[in-house]
Amino acid sequence: MSATSASTLVAESVWRDIKSTGLVSCARVYSLHLLFGKNFERATRIVDQRGVKRISGEPSGRSVFQVVGESRKKEEYFCFPEHYCACYSFFYDVVNKGEQLCCKHQLAARLAVSVGACVDVKVSDEQLALLLSKL
Ligand SMILES: [Zn+2]
């Protein structure tokens, strides 16, 4: 088993723990920090700024996240926490180099869901489809 897939498994179990208990304990924060390092610190800052929007289509309930970046321009990136982010780091560090498990936006989205800190936005399914068609 490669280092990456082992740490993916550890990360998944920490996320499951947080989700099932609704608690981000010190031990869990410590594990996440070990796994994600600087990206975890960045992600917590994004969550603290309420920088994670969950856009849900109605009636389907499908959703996409929009996560604010940290640069002064405050760009927002469309993001699927487990599969995809529209940012540069996702393509460069995660997909190309395989050095990171995910980017800070994906991490921020998962963290925000786990601690209930998403800003929820409801749109129609048509509007959601239109947003996704621009990815
Ligand atoms: Zn990203």
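The values are calculated or read from the model by the stated rules, or taken from the named source; none is laboratory data. Not measured: the values here are computed from a predicted model. Cβ coordinates were reconstructed from backbone atoms using ideal geometry, including for glycine residues, and neighbour counts include every protein chain displayed.
On inspection, L107 passes the criterion of being at negative phi, in contact (Cβ under 8 Å) with a residue 40 or more places away in the chain and in contact with a Phe, Trp or Tyr (Cβ under 7 Å, 6 or more places away or on another chain). Here the condition is being modelled with pLDDT under 85 and either hydrophobic (A, V, I, L, M, F, W, C) or within 16 Å of the ligand (Cβ to nearest atom) (or both); of V47, V67, V10, it holds for V10 alone. Candidates in region 35-68 are the residues that are of a type in the set (A, V, I, L, M) and under 16 Å from L135 (Cα atoms); of these, the one that is surrounded by the most Cβ atoms within 10 Å (Cβ to Cβ) is V67. In region 90-135, the residue that is farthest from the ligand (Cβ to nearest atom) out of those that are buried (at least 19 other Cβ atoms within 10 Å of the Cβ) and not hydrophobic (A, V, I, L, M, F, W, C) is S114.
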